[in-house]
Amino acid sequence: MLSPSARFSALALLAIVAPAAIVAALGYVSIRQWEASSELLYREQARDMAAMAAEKVEMTLRRTEDAFLDRVQAALRSGPALERAVDQVLADTPLVRRLYLIGARGELLYPAAWRDDDRTVFAPLVSAAALHRLARDGKREVIADHQVCLALLTQRAGEPVVAAFVRDTDALRRDILETTLGTLESPTILAVLDQDGRTVYSRAPIGDAPRLLSVAFRDTLPDWRLAIYQTPGASPRQAVRRQVMLFTGALGVLVAVIVAGIVATWRLMRRETEMARLKSDFVANVSHDLKTPLSVIRMFGETLEMGRVTDEGRRQEYYRVITREGERLSRLIDNVLDFSRIEGGRQTYDMTPTAVEPLVRATLEAFAYPLAQQGFKVEVRVAAELPDVMMDADAVGQALANLIDNAIKYSGDDRALTIDARVVDQSLVVAVSDRGVGIAREEQAKIFEKFYRVGRSDTQGRRGSGVGLALVRHVAEAHGGDVTVESAPGEGSRFSLRLPLGEA
Ligand code: ADP
């Protein structure tokens, strides 16, 4: 059968774990869908962006070239100073490199002569057929193979002239691509590839970024493409994963915090149950402890009162028993009262310089009768010339009495009590040793806790309330010292009360 606190914890855990598992499962399914749809959306957006960017590039390029051709046309109309006028237009238009103006019969109007072997490239392009095509299709054309641009212009008299030119790649990159693409808002990398797939321009280093897609330019840049690369770490899948990790992390922390809370509550409940049990034991133990000496006192008192004891020796013996039991009662009540004062934070200590040896002897004296009666071998070793020590003599005396009382209570057949007092490292150490039942290692820390009494069987018969050592520890700590134990089951125990010397 589970205890109430264990049942509470099990239920609470179930109440957390079950919803958390459901949330995790639902989360997983919707994350999968989210991932797929965001990937799709991302690609669509990228395609739109690419198409728009390509259109913008072509528009800008066309506008620049139109303006250039308008000026060349004006130069053609102006007549004799053609060469100078066209030179000027070219100087103003870095985008255009190598312009040739060719008449309808193939004659070169500008410049005066072909440069290098341009004739072999340009002349065949400017045929009668080309003229016809240009006149028919809107007067502009880019020949893909050579990226040569052709345009139909007219001379003053109206005869057709073909303007043929190539573009300067650096100027194209700088004046057209950079100005149009460089300013676009996009989380991806935009790049322009030429007819051979070489990168002419890219907005950021591509490195090994994966290519998402590419779209072809139209007739202004035939065979060139605008490509979109994915910025490292910016894929929608990765973004979703990051969100998921964040969400999972938060959920994990939440669950961990709740579980920790439940565990802490459970521990607290268990501790409280244990405390309640110890307290009720304490009440029973104290009552029992009070009753025993009281009944002894009553019995001996009544016997004496009835006047039946005639032998003076016996009478003296009875008086001593009554006194001793009375002292035991006082000590017990002092213990309980002090303990309650300590618990309530009301205990005060009155520090005065105190001689050690008289205190030890007086405390031991109170136990002279039981020690003698039970045949204890008592040894007191107080180092010579101990200094006076600042302490509350009553409190320390009582702590010592508790240690001696325990040594007597927890001794078996080997009855020996040793008290030694000496100075070790600026502290007075008073040690009380016995050769009694001893204490198991795992119990040694617990015996100083209030109400704690070592496992029933061998202490059952011995009276006690479980507050003696708690009191000793409190007194030691109030003096800035401590109390420690060395012990082995069956071999005995040695309790050392350490009080710093301070300035006496
Ligand atoms: P109690 O009233 O039970 O003696 P204490 O606080 O004085 O309470 O001691 C706590 C427990 O420590 C005791 O119940 C006993 O089991 C153990 N103990 C204390 N002193 C000794 C000792 N000298 N030898 C063996 N066990 C001891």
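The values are calculated or read from the model by the stated rules, or taken from the named source; none is laboratory data. What you are looking at is a predicted structure, and each value in this text was computed from that prediction instead of being measured. No Cβ is skipped: glycine too gets one built from the backbone with ideal geometry, and neighbour counts run over all protein chains shown. Keep in mind that these areas ignore ligands, DNA and RNA; they rest on the heavy atoms of the full protein, side chains included. Shrake-Rupley method; radii C 1.70, N 1.55, O 1.52, S 1.80 Å.
The single condition from (1) under 20 Å from residue 95 (Cα atoms); (2) open to solvent by less than 90 Å² (accessible area, probe 1.4 Å) that residue 139 fails is (2).
Out of the residues in the stretch 69-84 that are part of a helix (DSSP H, G or I) and over 16 Å from residue 165 (Cβ atoms), which is modelled with the lowest pLDDT? Break it down into steps so the answer makes sense when it comes.
Residues of the stretch 69-84 part of a helix (DSSP H, G or I): 69-78, 82-84.
If we keep only those that are over 16 Å from residue 165 (Cβ atoms) too, we end up with 74, 77-78, 84.
Numbers: 74: 91, 77: 87, 78: 82, 84: 89.
Looking at the filtered set, the residue picked out is 78.
Here is the figure for the stretch 297-323: residues that are open to solvent by 50 Å² or more (accessible area, probe 1.4 Å), within 19 Å of residue 370 (Cβ to Cβ) and among the hydroxyl-bearing types (Ser, Thr, Tyr) total 2.
Yes/no matrix, rows are residues, columns are (1) surrounded by fewer than 16 Cβ atoms within 10 Å (Cβ to Cβ); (2) aliphatic (A, V, I, L, M); (3) away from the ligand (no atom under 11 Å from the Cβ):
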site: 403; (1), (2), (3): no, yes, no
site: 410; (1), (2), (3): no, no, no
site: 427; (1), (2), (3): no, no, yes
site: 435; (1), (2), (3): no, no, no
site: 438; (1), (2), (3): no, no, no
site: 446; (1), (2), (3): yes, no, no
site: 473; (1), (2), (3): no, no, no
site: 489; (1), (2), (3): yes, no, no
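Checking each residue in the stretch 105-117 for being surrounded by 14 or more Cβ atoms within 10 Å (Cβ to Cβ), among the hydrophobic types (A, V, I, L, M, F, W, C) and in contact (Cβ under 8 Å) with a residue 24 or more places away in the chain picks out only 109.
Is it the case that the stretch 342-360 has a residue that's in a helix (DSSP H, G or I), of a type in the set (Gly, Ala, Ser) and at pLDDT 90 or above? Before the answer, list the steps.
Step one: filter the stretch 342-360 for residues in a helix (DSSP H, G or I), giving 342-343, 356-360.
Applying the additional criterion that residues be of a type in the set (Gly, Ala, Ser) yields none.
Within the stretch 342-360, not a single residue is in a helix (DSSP H, G or I), of a type in the set (Gly, Ala, Ser) and at pLDDT 90 or above.
Pick from the stretch 208-223 the residues that are over 14 Å from residue 56 (Cα atoms) and more than 52 Å from the chain's Cα centre (by Cα): which of them is least open to solvent (accessible area, probe 1.4 Å)? Among those residues, the one meeting the criterion is 222.
One line per residue, one yes/no per condition, for (1) open to solvent by 30 Å² or more (accessible area, probe 1.4 Å); (2) farther than 21 Å from residue 243 by Cα:
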position	(1), (2)
12	no, yes
18	yes, yes
37	yes, no
64	yes, yes
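When residue 462 is tested against (1) on the phi > 0 side of the Ramachandran plot; (2) near the ligand (Cβ under 8 Å from one of its atoms), exactly one condition is not met: (1). Just wondering, is there one or more residues in the stretch 359-379 that are away from the ligand (no atom under 16 Å from the Cβ) and open to solvent by less than 20 Å² (accessible area, probe 1.4 Å)? There is at least one residue in the stretch 359-379 that is away from the ligand (no atom under 16 Å from the Cβ) and open to solvent by less than 20 Å² (accessible area, probe 1.4 Å).
Can you confirm whether the stretch 194-207 contains a residue that is surrounded by 14 or more Cβ atoms within 10 Å (Cβ to Cβ), aliphatic (A, V, I, L, M), touching a helix residue (DSSP H, G or I) at 6+ places or on another chain (Cβ under 8 Å) and not in a strand (DSSP E or B)?
Residues of the stretch 194-207 that are surrounded by 14 or more Cβ atoms within 10 Å (Cβ to Cβ), as a first pass: 194-195, 200-203, 206.
From what is left, the residues that are aliphatic (A, V, I, L, M) are 200, 206.
Narrowing further to those that are touching a helix residue (DSSP H, G or I) at 6+ places or on another chain (Cβ under 8 Å): 200.
Still in the running and not in a strand (DSSP E or B): none.
Within the stretch 194-207 (the criterion being surrounded by 14 or more Cβ atoms within 10 Å (Cβ to Cβ), aliphatic (A, V, I, L, M), touching a helix residue (DSSP H, G or I) at 6+ places or on another chain (Cβ under 8 Å) and not in a strand (DSSP E or B)), the answer is no, since none of the residues qualifies.
Considering the stretch 378-497, there are no qualifying helices (runs of 4 or more DSSP H) wholly inside with 2 or more residues that are of a type in the set (A, V, I, L, M, F, W, C) and free of Cβ contacts under 8 Å to residues at least 40 places away in the same chain. Cβ-Cβ distances below 9 Å connect the following pairs, each with a first residue in the stretch 345-363 that is without any contact (Cβ under 8 Å) to a residue 12 or more places away in the chain, a second residue that is open to solvent by 40 Å² or more (accessible area, probe 1.4 Å), and a separation of six or more residues or different chains: 346/340; 348/341.
Is it true that some residue in the stretch 146-156 is under 30 Å from residue 100 (Cβ atoms) and assigned to a helix (DSSP H, G or I)? First the steps, then the outcome.
Of all residues in the stretch 146-156, those under 30 Å from residue 100 (Cβ atoms) come to 146-156.
If we keep only those that are assigned to a helix (DSSP H, G or I) as well, we get none.
Within the stretch 146-156, not a single residue is under 30 Å from residue 100 (Cβ atoms) and assigned to a helix (DSSP H, G or I).
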